[in-house]
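The values are calculated or read from the model by the stated rules, or taken from the named source; none is laboratory data. On a predicted model such as this, the values are computed, not experimentally measured, just so you know. Quick reminder, even Gly has a Cβ in these numbers, built from the backbone with ideal geometry, and neighbours come from all protein chains shown. Ligands, DNA and RNA are excluded from the accessible area calculation, which covers all protein heavy atoms including side chains. Shrake-Rupley method; radii C 1.70, N 1.55, O 1.52, S 1.80 Å.
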Amino acid sequence: GEGMSFMDAHTTSAVCTPSRYGLLTGCYNWRSRLKRGIVGKWERPLIEEGRLTLPGMLKQHGYATTMIGKWHLGFHWPKKGGGFTEKEAEIDFKGDIKGGPNHIGFDYWFGDDVPNWPPYAWRENEKLLGDLTTTAKEIGITSYVGVGNGPAVADWSLEAVLPEYAKRCAKAIHDHSKTDDPFFLYFPMPSPHSPISPDGNWKGKSGISDYVDFLLETDWVIGEVLKALEDSGQADNTLVFFTTDNGTSPLADFEALAKKGVDLTANWRGNKADAFEGGHRVPFIVRWPGQIEAGTRSEELISVADIMATVAEG
């Protein structure tokens, strides 16, 4: 209701890693080394050395660049004794983790790689936060679908991820309001990707399923970001993009949801990881008060890879 909804928007892939590559580079993901699937655990960076990126481009034009959230585009993991490795047993988890968000143009990053992959710990810029003194199994999070065992900090909580991101995004927005520099905030949320882990304030809220609870919590987080823009006096001078990196996962349990009146397969055939439209046709909303007419729709065919060129032209 506050912006323009693009009704024929698509990701460049039906899974997350390649779509994120397309958004951040403005290039089709199949031009990278990744021809299918996603970047695996402990794998090296996907974004090529020297590739101009969306944050890198904006940084050249005086923008402060911040990322809060999920990365999943690979790292150079420090190897014990020096160098880099893609083998868990060889990783020096206290060393500097290169090749991540700071390497492609972000001044600051707080987040994780993939919430259901080890190590289960927060990252801040090139460091893991906390000591990996336990495992995912020992702290009980392997009960979630898709969560594998691996090193973890003792107080890691999947339920705490969205509230932490909401708090940090709001703080970043308020902090930027105290300077004259323009800012770019990239906020790739882990939800509603598995593990489906709504916080206690949201679990059971929908009365339908954990997945719908997780969607409600996701909506709340977006609201907190927009509220921070309003409260800091920046809403009218900020261009907001909202989209996703692929279609809905079958882990949502379409059949069970449909029985309760929530039909997520009403319009498009297929789902995440499919070449059918349900795998890559996504919501895409743009808000810019005074520049983009509120409550409007566009039927133009677009892609998330268009964002970088659009911002560059603007």
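Contact map, the stretch 289-300: first residue in contact (Cβ under 8 Å) with a residue 40 or more places away in the chain and at positive phi, second residue open to solvent by 60 Å² or more (accessible area, probe 1.4 Å) and in a loop (DSSP other than H, G, I, E, B), Cβ cut-off under 7 Å, separation 6 or more or different chains; pairs are GLY295/GLY1. Apart from one condition, ARG20 fits all of (1) among the charged types (D, E, K, R); (2) at pLDDT below 95; (3) within 22 Å of TRP268 (Cβ to Cβ); the exception is (2). The number of residues in the stretch 49-81 that are in a loop (DSSP other than H, G, I, E, B) and open to solvent by less than 60 Å² (accessible area, probe 1.4 Å) comes to 7. For the stretch 196-224, a residue qualifies if it is in a loop (DSSP other than H, G, I, E, B) and open to solvent by less than 40 Å² (accessible area, probe 1.4 Å), and the qualifying residues are ILE196, SER197, PRO198, ASP199, SER206, SER209. Taken over the stretch 20-43, the criterion of being of a type in the set (D, E, K, R) and either without any contact (Cβ under 8 Å) to a residue 60 or more places away in the chain or surrounded by 19 or more Cβ atoms within 10 Å (Cβ to Cβ) (or both) is satisfied by ARG20, ARG31, ARG33, LYS35, ARG36, GLU43. Restricting attention to the stretch 82-128, the residues that are over 25 Å from LEU24 (Cα atoms) and either open to solvent by 10 Å² or more (accessible area, probe 1.4 Å) or part of a loop (DSSP other than H, G, I, E, B) (or both) total 10. Only one residue in ASP181, ASP175 is under 29 Å from THR53 (Cβ atoms), touching a strand residue (DSSP E or B) at 6+ places or on another chain (Cβ under 8 Å) and surrounded by fewer than 20 Cβ atoms within 10 Å (Cβ to Cβ). Which one? After applying the criteria, what remains is ASP181.
Screening ALA160 against (1) among the small types (Gly, Ala, Ser); (2) in contact with a strand residue (DSSP E or B) (Cβ under 7 Å, 6 or more places away or on another chain); (3) open to solvent by 40 Å² or more (accessible area, probe 1.4 Å) leaves a single unmet condition, (2). Checking each residue in the stretch 212-260 for being polar (S, T, N, Q) and under 27 Å from ASP175 (Cα atoms) picks out THR218, SER232, GLN234, ASN237, THR238, THR243, THR244.
Let's see how each residue does on (1) surrounded by 11 or more Cβ atoms within 10 Å (Cβ to Cβ); (2) touching a helix residue (DSSP H, G or I) at 6+ places or on another chain (Cβ under 8 Å):
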{"residue": "GLY278", "(1), (2)": "yes, no"}
{"residue": "PRO289", "(1), (2)": "yes, yes"}
{"residue": "ILE292", "(1), (2)": "yes, no"}
{"residue": "VAL304", "(1), (2)": "yes, yes"}
{"residue": "THR310", "(1), (2)": "yes, no"}
{"residue": "GLY314", "(1), (2)": "no, no"}
